[in-house]
1. Kindly state, to the nearest 0.05, the FRET efficiency for residue 11 paired with residue 83, given R0 = 35 Å and r defined as their beta-carbon distance.
2. Using only the C-alpha atoms of segment 186-245, find the volume of their convex hull and express it per residue in Å³.
3. Compute the angle between helix 235-247 and the longest alpha-carbon principal axis of the chain, please, reported from 0 to 90 degrees and rounded to the nearest 10.
4. Pop a pseudo-label 7 angstrom from the Cα along the beta-carbon direction at both residue 41 and residue 19 and give the gap in nm to one decimal.
5. Using only Cα atoms and rounding to the nearest 10 degrees, what angle (0 to 90) does helix 136-148 make with the longest principal axis of the chain?
6. Taking springs between alpha-carbon atoms closer than 10 angstrom, which of 207, 134, 157 fluctuates most in the Gaussian network model of the chain?
7. At 222 nm, what value in deg cm²/dmol follows for the chain if DSSP H runs of at least 4 each add -39500 (n - 2.57) and the sum is divided by all its residues, to the nearest 500?
8. How would you classify segment 66-166 from its alpha-carbon gyration tensor, with a ≥ b ≥ c the square roots of the eigenvalues: rounded for a/c under 1.5, else prolate if a/b is greater than b/c, otherwise oblate?
Ligand code: ADP
Ligand code: MG
């Protein structure tokens with residue numbers, strides 16, 4: 001088991017008092033698995049990613065990666081943020097190699113790897129262009145390549161498509177799914193979009209209202225073999241949608 005959460009709990013101490021964000025979260029992730037987290041707004045999803053990334057210490061329970069407790073950030077785990085956060089005044093090449101420059105690890109091998117990613121995913125011709133010259137989908141692909149530049153094994157994606165309009169989101173999420181699969185990464189995606197979760201994941205974890213506990217873990221079974229667009233055309237897709245919808249605590 002690659003990632004293991006056991007009774008993970010996290011309470012924020014703030015000037016206004018305590019905020020219990022996570023109460024009791026346990027689940028496992030296999031190497032290469034694509035897992036999505038859905039839950040009501042404010043239930044603790046971003047908090048959960050921060051804990052797995054080693055950015056927020058747990059108040060109880062454990063998170064381990066390869067059997068070792070996570071206590072600080074590591075280059076094995078990378079974040080893909082909600083907005084693409086590309087610097088408008090920098091070229092695409094400077095943007096995607098920025099994490100390497102910041103960490104002073106821009107070795108020829110790593111730079112060659114980034115160039116290969118740009119090539120493989122159709123962005124090489126844009127290396128010298130600025131972000132403003134790219135479509136929303138291409139920007140997102142750049143953000144993913146920048147995340148992959150430091151060669152992490154695990155990707156944490158916090159609502160990465162929420163700033164895109166519906167049509168763009170469909171194709172961009174399929175695109176990002178394909179790249180993550182092809183690069184053999186383990187991925188944990190937070191989303192508020194049930195259909196998106198079903199279309200890209202091997203399993204979907206449904207969280208309760210804050211303080212978060214795991215309400216259910218839903219295995220996508222036969223859908224695992226299909227790509228995101230094909231999944232949306234199946235009967236079972238709607239069965240999963242209704243199942244997860246009923247589990248979500250967002251009904252009055
Ligand atoms: P979600 O991502 O599911 O919308 P978050 O994990 O961002 O939820 O937040 C969960 C709860 O924790 C919210 O009530 C939020 O206000 C609170 N929270 C988040 N970050 C902090 C912090 N640094 N200090 C205190 N409270 C926080
Ligand atoms: Mg959030």
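Nothing in this text is a laboratory measurement; each read-out follows from the coordinates by a stated rule. Model, not experiment: these values are computed from the prediction. Here the Cβ is made from the backbone with ideal geometry for all residues, glycine too, and neighbour counts use every protein chain on show.
1. 0.80
2. Spread over its residues, the Cα hull of segment 186-245 gives 83 Å³ apiece.
3. Rounded to the nearest ten degrees, it is 60.
4. Inter-label distance under the simple model: 1.4 nm.
5. It is inclined by approximately 90 degrees.
6. 134
7. Taken over the chain, the calculation gives -10000 deg cm²/dmol.
8. Verdict is oblate for segment 66-166.
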